[in-house]
Each structure stands twice: as structure tokens, then as C-alpha cells.
């Protein structure tokens, strides 16, 4: 039976889509679990962000940058050949369905992913606060590239923490960061992936509290980061609403996005949360399979609540509460947790979270390239993997939007290796 606290949290979810509450909680999740040294910085950041949100000049500046530098709005593209293919699949299964599939093409943004949206907002906030040094963590490298890009644009030094494992498998993005003037710090602790990079970035921040701004890339971390990242990324969903009304005369029936920490997903989902007739799916990294011990990174399908990186959320843990490393073929989804708003949405039942394996993501990667001439990143390939399962079960008048949140330039050599393609 649900506790009174859980019931209260669920009631708030139904009436406060714009959350979190004043302490940074989404129901039972979120909050600020940080070192005493960092608490004044977190409070200053919250105050600065609230002031910036209320300042029309700040909003206008960010909008101008997103339009003329970031390349927004990104197109809403009807994936006609993929739609036809999955309708044929439906026929082979004895059905007559097959949703009409659209891609929200955020991979066409400057730097090749949705990450630039959040970085343009936060770099302006850092400048507004008088910070003179930027640090960030990155997994797939797309956030690192976006941070290095905005720092180059505004003449600020930056250091990027990246797991050594990810440095190896995402070499093209590492080269881009260097070319943009960033210092890339490989992290060799743990499994050398995103969790470990975030640990090192937090240690840096504690050491350099006066002049440094930590530009977090995902909708996780201590309050106000989850809400702030969501707010900057929600331009994805707002544009999708307008574009779908223009293209089809109505809102979509189904939304799909991949989820590691969850910034691209919450950016698409949030403007639609009050439209309760719209089905929403977040796609986690199923890795080698949910039945393989420590073989996946699907924290909401294979984890339980705990505290990591300043917030309470779903985490991959062992019986003693130690954080597991997890696994994904995709560096951007290889994280043992998830943003706290997603944890809240899972418990409420508003969003359904499903796993897709490495193998299924690779198949979807090839399908997109072959049918649509779009080479996706391995992250949205997971979302597409779920679309290939879901779309044939839906009626043909179902309008499905998937967020194509990153392009596959960074992954082509890794995928070639997985597929045995000799270069």
C-alpha cells in the first residue's frame, strides 16, 4: 500500500507539471544531496536561475542564440519509407496497422545533437553570474563538444571530464573537443564511463568553488539542475507541438525518446505531460539483456531508488547499495541512474519506460541508414529500436514522433567494428 508521502507526491504530480517543489523534489525524488562546500554555490545558482527566468532580456538572448547559432527550429520529418516498412511488418504479423512515424530531427542542430540547447542557456547563466571557468562531464562526447563550442564562442576556458573507456570509443568527439580549445581529462577510475566522469567533475567543483561553473548536461544532479536542463530542452517539445499542428492539424498520439540521464526525453515529453491521451515511452539501454547481471544500464527497469550525484532517483545497485557500473553499447546511455523527474513520471504511470538491447539498437541503426538515409547516433537508435516493435501494433492513423536526438558521426567507426566492416 502506498504511503501518505507517496500519495501526496502523486497528487502533486497531477497538479504541478512545472515542478519541482521549493526544495527540488519531484515527489520522492530529486533534492540536494551535496557537500557542505557546494551548498552555497547550489543556492546561488538557484537564485540566479530564477532571476534569469524572470528576465525577458535573458530569455530573448537565449532564443536568439538558439535560432541563429544553434539552428532552431529543428525539422519535423515524416519518415515515409520507415513507415511503409513497418506497415509491411504489421501485415506479416497478420495485422493492418503501422503508425505514421515522424522524426524530430535534433541531430541537425549545431554540434549534432540536442545538447547545444541546454549549453546555450547555461553558458549565458554562467556569464550572468560572473563565472570565468567552465567544467563539464560527458559520456558520448556530444555534451562535451557542445560545452567546448559555447566556451569557444564566448571566450571562456573549459575542462571536460570523460571516462577513459568513452575517450577510446568516442575518438571523433574527443578530437572535436581538442580542436575547440577544451582540455579533456580522461578518468580512469571505476569503469571509466559517464558515472566516473561526473564524480571527477564534482570533485573539481568542490576544489574551485569561486570562479568555476559546472555545466551539467543531463536532467540529473542536485536541484536546480534537473529542472533547469529540462526547461532549456523543452524547446524540443514546444516546437513539436507547433509543427505537428501545422503538418497534421492535431497533436501526436505517441512520443518516443531514448533515456540515459534523460535530457532529450524530458525535453520532448514535458510540454505534453498534461495531454493525458498521448502515450509516452522512454527507452533505456537494455545492453546484453535484462537477465544478464550488470549487463545493462536500465535503472528504471532493473534498479531501485537511492542517492547519487546529488539527487535521489532510480539507480543500479547491488544488495549492499553499492552503485553498479552497468553496460550499454552507447556511451551516452551508459549511466547507472536517471533524472529524478523521470523517476517520478515512472512511479505515476504517466510515462512507460522500456529496455532495448545493444543488438536491437544496432539493427535499428542500420534500418535508419538504409531506409531514410539518416545515420543516427547509437543513443536514438535505442528509441528507434522500440519504434520498430511498437509501430506495427498501432493503427495507421496513429501519429508517432521519435526524437532523433543525435547524429551518428561519432559512432560510425565503433559500429563498423561491431558489424565486422573492414575499413
In nm, give the distance between the simple-model label positions of residue 153 and residue 246, each being 7 Å from the Cα along the Cα-to-Cβ direction. 2.1 nm
Could you compute the FRET efficiency for residue 93 and residue 421, with r as their C-beta to C-beta distance and R0 at 22 Å, rounded to 0.05? 0.10
Peptides 348-355, 165-172, 43-50: what's the order by average Cβ count within 10 Å, highest mean first? 165-172, 348-355, 43-50
7 Å from Cα along Cα→Cβ at both residue 128 and residue 276: what's the point-to-point distance in nm? 3.5 nm
So how do 103-109, 91-97 stack up, highest first, on mean other-Cβ count within 10 Å? 103-109, 91-97
Suppose R0 equals 25 Å. What FRET efficiency, 1/(1 + (r/R0)^6) with r the Cβ-Cβ distance, do residue 370 and residue 393 give to the nearest 0.05? 0.65
With r as the distance between the Cβ atoms of residue 21 and residue 322 and R0 = 41 Å, compute the FRET efficiency 1/(1 + (r/R0)^6) and round to 0.05. 0.85
For residue 363, placing the label point 7 angstrom along Cα-to-beta-carbon and taking the range 64-102, residues whose amide nitrogen sits under 17 Å are 82-83, 85-94
Between the range 93-130 and the range 59-80, how far is it from one alpha carbon centroid to the other, in angstrom? 9 Å
Calculate for the chain the 222 nm mean residue ellipticity that helices alone would give, adding -39,500 (n - 2.57) per DSSP H run of length 4 or more and normalising by residue count, nearest 500 deg cm²/dmol. -13000 deg cm²/dmol
Taking alpha-carbon centroids only, the range 313-386 lies from the range 235-250 a number of Å equal to 25 Å
Contact order normalised by residue count of the range 220-355, Cα under 8 Å, 6+ apart, percent: 26 percent
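Each reported figure results from applying straightforward, stated rules to the coordinates on display, with no laboratory input. Just so it is clear, the model here is predicted, and its values are computed rather than measured. Heads up, the Cβs are rebuilt from the backbone with ideal geometry, glycines too, and the neighbour counts pull from every protein chain shown.
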